[in-house]
Every structure is written in structure tokens, then in C-alpha cells.
1. When we measure straight from the Cα of A:LYS151, which aspartates and glutamates land under 12 angstrom away, once same-chain ones fewer than 8 places off are left out?
2. Any chance you could tell me what percent of the C-alpha pair distances in segment B:1-147 go past 22 Å?
3. When the Cα centres of segment A:1-50 and segment A:243-302 are compared, how far apart do they sit, in Å?
4. Rounded, prolate or oblate: pick one for segment B:23-79, where a ≥ b ≥ c are the square roots of the eigenvalues of its C-alpha gyration tensor, a/c under 1.5 means rounded, and failing that, prolate if a/b is larger than b/c, else oblate.
5. Of the listed pairs B:LYS180/B:LYS286; A:LYS310/A:LYS335; B:LYS180/B:LYS242, which have alpha-carbon separations greater than 22 Å here?
6. When the helices in chain A are scored as -39500 (n - 2.57) per DSSP H run of 4 or longer and the sum is shared across all residues, what 222 nm value do you end up with, to the nearest 500 deg cm²/dmol?
7. Against the 2.2 N^0.38 Å scaling, with N counting residues, where does the protein assembly as shown land? I'd like the Cα-based Rg ratio to two decimal places.
8. Specify the residue with the greatest mean-square fluctuation among A:PHE189, A:PHE59, A:PHE219, computed from a Gaussian network of chain A linking alpha-carbon atoms under 10 Å apart.
Amino acid sequence: MRKVVRGFYAIAEAVRLSKPNVIAAYPITPQTEIVENLAEMYANGELGDAEYVTAESEFGAASMVLGASAAGARAFTATSSQGLLLMSEVLYNAAGMRLPIVLVIANRSVSAPLSIWNDIQDSISIRDAGIIQLYVESNQEAHDMIPLAFKVAENRDVLLPFMVCVDGFKLTHAYEPVDLLDQETVDKFLPPYNPVVKLDVNNPVAMGCYAPPPYYMEFRVAMEYAMERASKVMLQEFKKWYKLTGRDWGGHVVAENCEDAEVVVVAMGSVVPLVREVISRMRQDGKRVGMLKIRTYRPFPSREIRKALKNAGKIIVIERALSIGAEPPVTADVKSALFGLNSEVYPVVTGLGGRDIPRELVERIIEDVMKGKIKPEKRYEGLNEFEEVIP
Amino acid sequence: MNYFGPGHGACPGCGFPIAIRGAIEVLDGKVIAVNSTGCLEIVSSMYGRNTWGVPYIHSLFENAGAVAAGIETALRAMKRNNEAHVVVFAGDGATFDIGIGTLSGMMDRDHNVIYICYDNEAYQNTGNQQSMATPPGANTTTTPVGKLKPGKTGRKKDMVEIAVAHGVPYAASASIAYPKDFQRKVKRAAEFEGSKYIQVHAPCVTGWGIDGKLTVEVSKLAVETGLYPLVEYEYGKLVKVKKLKQRKPVEEYLKIQRRFRHLFKHEMGKEILEQLQKIADENAEKYGLDA
């Protein structure tokens with residue numbers, strides 16, 4: 001059913017349709033409305049047998065979904081920014097324990113300075129935890145990827161947490177038309193969770209054992225193998241999703257107008273539709289430009305990126321997070337995917353802390369790169385002139 | 001059925017195995033054990049050498065309360081809540097200090113969990129660093145005795161009262177020196193719906209500096225001196241107290257432990273000894289310990 005809804009509702013509704021057993025969460029802007037919607041559904045008896053719990057902190061919420069998942073439940077939580085950082089110890093642990101928790105991150109910048117506005121520094125900062133990360137461009141994509149996240153995470157070949165990253169405010173609070181799924185469709189796609197092991201008095205197992213040096217490394221490398229398998233499982237599930245709903249979100253990446261492009265813009269998240277529009281206008285003017293949308297950030301789709309960008313001499317990466325003191329994160333990964341090719345990569349850091357990314361900015365960068373006016377090195381766009389105050 | 005061990009690596013004379021075994025036995029093995037990082041976890045759950053006969057989970061140092069809450073919620077959601085008691089076994093560092101937030105959340109939401117804190121009065125797994133459960137005067141590696149310092153200064157936090165303040169249906173203190181009393185309390189706790197808190201005094205032979213064979217004797221003296229009163233609350237009401245026929249002076253408990261030995265020589269020792277006796281006297285007064 002197509003309805004104009006806000007992002008947080010589209011997300012909450014998809015969670016409801018995925019029939020979780022346990023939802024534990026803690027409010028934080030801009031995620032709050034997601035769990036508020038779920039709390040309302042719970043209060044009205046619309047979540048079936050699911051239990052909804054408000055935790056004492058994000059740390060507690062993450063620990064609760066960890067415990068619930070270990071007991072064999074399908075478990076969900078959502079957070080943003082500081083909340084995600086507070087959860088991070090638990091999330092590394094949950095990934096290591098191979099618990100298929102699903103999270104939605106309403107992406108928000110991190111403090112200091114305090115800012116409730118959007119960039120993707122929060123989720124990018126825990127990219128090494130062993131959690132699948134998928135970034136969406138619209139609320140329809142967010143809505144669709146939630147049942148898929150559960151299915152992939154719970155796959156026996158995967159068993160890793162799955163994080164659906166949705167830009168805070170820009171998507172979570174935006175009204176968009178969304179084809180809302182119905183229960184029958186979701187049930188067809190997502191079977192009930194059947195855990196491989198769970199806490200069960202009739203079949204006691206020990207979970208979360210400690211591993212001295214003769215054992216530890218194998219557990220961690222096994223997570224790498226699982227992540228590699230996740231890559232294949234995701235592609236299969238993307239296809240099944242297309243077959244079921246008629247909505248084709250593509251693979252780990254979506255290459256648009258890249259075949260003959262001289263300049264390709266790499267983008268992730270809500271900035272994608274803007275870049276797409278700019279590219280399509282420039283194409284009308286006969287300019288050979290393209291866009292590569294990265295959907296899956298972990299496992300990082302190096303092969304797909306290399307394939308899509310092999311003909312593009314110049315690659316602009318829109319960066320909405322930093323790795324302070326090093327190459328911006330997406331650029332570093334894209335460059336490693338392109339290693340040995342003769343491409344020039346232009347990292348453009350912009351939009352931090354909710355700063356607007358105007359269309360003119362994207363157009364100008366592309367023009368400048370085409371004309372060879374700027375160098376392939378890190379630059380900050382939309383940055384005001386400022387004086388560093390060194391006390 | 002061995003619910004805990006054999007094969008665990010606790011020191012000879014370690015206090016907590018008495019409590020762990022006793023608790024699981026009295027609950028007929030119908031237990032899902034949630035364990036915080038600490039000595040118990042290290043001695044019982046190495047990969048390939050798990051000594052637990054019941055389902056067991058260890059996540060982190062500071063989240064046992066929330067993990068247990070999550071398990072309990074999941075069992076309820078999946079209509080499996082009659083399968084087992086969710087029982088936390090956590091040390092005093094995990095309970096009094098780093099994990100008090102998740103424990104408070106668990107008790108506030110009144111999850112149906114029995115939370116058992118084995119209290120050995122310091123971070124003993126890592127070699128005797130002070131916790132908020134460390135009594136005044138104790139020599140620990142982070143409150144060492146020096147020319148200017150007589151060991152830990154400041155009181156031991158009263159976690160039983162903190163549990164009671166949450167409005168939990170049941171809270172009690174216990175001691176491994178009185179295993180039947182401890183087991184009775186665990187059984188009683190299991191009769192209530194909601195969060196239950198039991199704190200069991202369990203000596204650490206290395207951290208306290210005692211002979212392994214004196215474990216029970218030492219913990220008994222803690223009770224008999226009034227330093228570790230055995231009390232029991234139901235719905236916030238003090239329902240039972242272990243009375244003492246002839247309360248012993250605190251020195252009897254302190255002098256046989258290396259962690260307190262300096263108090264009898266140190267310049268500030270006398271003051272601390274007086275403070276400890278005062279705490280025992282106050283306990284006696286507060287709980288009516290003297291028979």
C-alpha cells in the first residue's frame with residue numbers, strides 16, 4: 001500500500017512486519033521516533049507476542065538484545081550517534097558471539113561539539129566490529145532492507161549483526177511516498193528465526209567463553225569468513241527481494257552511467273538522489289559523468305567497485321565522515337579497491353554535522369575535476385573560513 | 001548431575017564455588033546462568049573447558065543485569081518463562097561498581113531474575129584492586145598501604161539497601177559460611193516474581209591473604225563480628241536477621257587476614273580499627289544483631 005509517511009514510521013512498520021520477539025531501546029535524537037512508534041504499536045497490542053523494553057541506556061539496550069538473541073529471540077534495537085558509541089562495546093561482543101541482532105542507525109554526527117544533525121561518523125566509526133552495514137538512499141529502501149537484514153543476519157552461513165544506516169532527519173523525519181509491505185509478503189520472504197544454538201536448559205551450552213592465544217585467532221578469522229559469505233547471501237536475497245516486490249535495489253553497489261564516464265561520483269546514503277539528479281542533468285548536456293552508489297559498506301564490495309570504476313579516470317568520493325589524521329574512510333576503502341589502476345581519486349569532505357550539501361556544490365566539484373582545476377587530494381567543501389583558536 | 005565443576009580452576013579454599021553450586025542445586029538445575037567477566041568466569045568458562053552443567057552466558061564485565069533482563073524478556077516473549085530461572089552470578093566489582101547501571105535498570109523494570117553477587121570485596125581476578133565493596137582499611141594494589149595511607153579509606157557501599165531502595169520483592173545478604181542459610185534464601189528468592197538480589201560474602205584466599213583451609217572460618221567471623229550482617233528483606237521490610245549470641249570484636253576477624261595486618265602497626269591503624277568497630281556496632285544497632 002503506497003502511503004506518504006515519515007521515515008521513522010516506515011522503519012518501525014517494517015520492524016513490526018518482521019515479527020521480532022524482543023525490542024529493547026533507549027531514546028536518542030533523531031532515532032527516538034522509531035522506537036516511539038514501536039512503543040505505540042506495543043501499547044496498542046500491534047506487535048503480536050513481542051516484548052518492548054525501554055532500557056536504562058543504549059548500553060543496556062544493546063546488552064538486552066544480546067541476551068534476548070542468545071536465548072533464541074529475534075531481537076531489534078535502534079540508535080544514533082553517542083548512543084551507538086555507548087553501545088559499541090556490546091556490539092563488538094555480540095558480533096564475536098555471532099548473534100544476528102538487527103539495528104537501525106539514524107545517522108548523526110558525534111560530539112564534540114554536540115550536534116544532533118546528520119553525517120555518518122557514528123556508524124562509520126564502528127565499521128570494524130564485524131557488523132554488516134548497509135546505507136540507504138530513501139525511506140522505501142530503509143523499509144525494504146529491514147526484513148532483508150533479519151534474513152541475512154540469521155542465515156546460518158552468516159550469523160552476524162546487521163546495521164541498516166538511515167540518515168538522521170534527512171530521511172528519518174522526511175515525508176516520502178513509501179510502498180508499505182504487507183504481512184503476507186514479509187512472511188513469504190522471512191521465515192521465523194530458527195537459531196543454531198540458544199540458551200536452553202534441555203540442551204545446555206556455554207556462550208561467550210574466553211579464548212586464550214591457542215584459540216582466539218580462529219574465532220576472529222571465522223568472522224571474516226562469515227562476512228565473505230554474507231556478501232554472497234546478500235546478493236541472493238537482493239534478487240529474491242526484487243522478485244517478490246518488483247523493487248530492484250541492485251547489488252552491493254549501483255553503477256549509473258559509469259560505462260563511458262570520465263568522472264564518477266561515489267556516494268552513500270541520502271546524498272545519492274542529489275548526485276543522481278546532478279549527473280542526469282549533466283548527461284543531458286552531453287557530459288560523460290556517472291555515479292556509483294555504495295549500498296553495502298561492510299562487507300566492503302571491493303570487486304564490484306573495481307569493476308564499476310575500471311574505466312573511470314577520475315573518481316570523486318563524497319565523504320560525510322572523517323578518519324582524523326588519515327585518508328577519509330570511504331576514500332581509503334575505494335582506493336584500496338582500485339589499487340594498481342590509473343585512477344585519480346578526489347575525496348570531498350562535506351556535509352558534516354548536518355551542513356547542507358547544495359546541488360551547485362556537487363556540480364561545481366564535478367566541473368572542476370573535469371577541467372583539471374583541482375588536485376586529487378582531500379578537500380573540504382562547504383567549509384566556512386575560520387580561524388583556529390589556539391589558547 | 002554436576003551443575004558446576006569438577007574441573008573449574010578456582011583456588012583451593014576459594015569461597016564462591018560453594019555459593020554457585022549451592023544456588024544451582026537448590027534450584028534443581030533449572031537455571032540459565034548469566035556471568036559477568038571476573039574470577040568465576042575465568043575459572044569456569046575457558047573455551048573447550050566449560051565446567052557448567054547448565055546453560056551459561058558471559059558477555060561483558062558490566063552488563064550481566066541487562067543481559068539477564070534480555071534473556072528473561074525473550075523467554076517471556078516466546079512463552080518459555082517456565083523453563084528456567086534466570087540467575088546472574090556477578091562479582092562485587094561487576095555489581096557495586098562498573099555494572100551498577102545495568103543492575104539498576106534490571107531492578108527498576110523488575111525483570112524476573114535472581115541476581116547473586118559473590119562478594120569477595122575487591123577485583124580479585126586481576127590481583128586485588130579495590131572495589132566499592134572493599135571495606136575500609138583493606139590493603140589492595142590500588143589502595144596500597146604507605147607512609148601516608150592506611151589502605152582503603154571510605155566505607156563499603158551498602159548494595160543490599162540500594163537493591164531494597166529499588167522496591168524489589170526480595171533482597172538478602174548471605175555468607176558461604178552458612179551454606180544452608182544461603183540456599184534457603186535462593187529458594188525463597190525464587191518464590192517471588194520480579195528482581196531478587198542476594199549478596200553472598202565469599203572470601204578470596206589470595207586477595208585477603210588467608211590460609212585456604214580458613215575460608216569458612218574467616219567468613220564466619222565476618223558475620224560473628226557484625227561486619228557482615230545476614231539480613232533478609234521482603235517487599236522492603238526487614239523480615240529476618242541472623243542474631244549473634246556473643247558478638248565478637250572486629251579484631252578477631254581482621255587479625256587473621258593479611259589485607260588488614262598493617263592496621264595493627266600503622267600510625268593510622270587505630271583510627272581505622274575504631275571505624276570498623278563502629279560500623280559493626282552500627283550494624284548491630286540497625287539490624288538488632290545482638291541476641
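1. A:ASP187, A:GLU237
2. Working: 4303 of 10731 pairs.
Percent of Cα pairs beyond 22 Å in segment B:1-147: 40.
3. Distance between centres, Cα-based: 30 Å.
4. Oblate.
5. Pairs exceeding 22 Å: B:LYS180/B:LYS286.
6. -12500 deg cm²/dmol
7. 1.10
8. A:PHE219
Values quoted throughout were computed directly from the atomic coordinates according to the rules given, and no laboratory measurement underlies them. Since we're looking at a predicted model, the values are computed, not measured. Because the Cβ atoms are built from the backbone with ideal geometry, glycine has one as well, and the counts that use them run over all protein chains shown.
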